[in-house]
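Below: one structure, written as structure tokens.
The values are calculated or read from the model by the stated rules, or taken from the named source; none is laboratory data. Just so you know, these numbers come straight off a predicted model, no measurement behind them. We place every Cβ from the backbone using ideal geometry, glycine too, and count neighbours over all the protein chains shown.
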Amino acid sequence: MTAHAVCGALAALAARLLLPGHSPESYLLPIALGAAGGIAADWLGRRAHLYLPNQPASWAMSVLGSMAFLLVYGVIGH
């Protein structure tokens, strides 16, 4: 689960570096949201029996969860 948090955080950091936008926020919030999204997406996918832990689909789901959390924050938070 910790590895999925790191995967989500790295995806969020990459998104923040590639698409920084005009907001003056720090890197800490997007990284935290990315980590939370990675954990949540992996947890939901395993609970729905879509894959087993550490399968490639679980890593892809972590990245997608990270992006989803950042998208929701971008829409609601601004």
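Observations
- Residues located in segment 40-63, provided they are on the phi < 0 side of the Ramachandran plot and of a type outside the set (A, V, I, L, M): D42, W43, G45, R46, R47, Y51, P53, Q55, P56, S58, W59, S62
- Candidate set: segment 37-63, residues that are touching a helix residue (DSSP H, G or I) at 6+ places or on another chain (Cβ under 6 Å) and without any contact (Cβ under 8 Å) to a residue 40 or more places away in the chain; chosen: the one farthest from A15 (Cα to Cα): Y51
- Conditions (1) over 9 Å from the mean Cα position of the chain (by Cα); (2) surrounded by 13 or more Cβ atoms within 10 Å (Cβ to Cβ); (3) modelled with pLDDT of 80 or more; number of the one not met by L44: (2)
- Beta carbons closer than 7 Å, at least 6 apart along the sequence or on distinct chains, pair a first residue in segment 1-25 that is of a type in the set (D, E, K, R) with a second that is part of a helix (DSSP H, G or I) and at pLDDT 80 or above for R16/P30.
- Residue among L17, L52 that alone is over 12 Å from the mean Cα position of the chain (by Cα), in a helix (DSSP H, G or I), among the hydrophobic types (A, V, I, L, M, F, W, C) and at pLDDT below 85: L17
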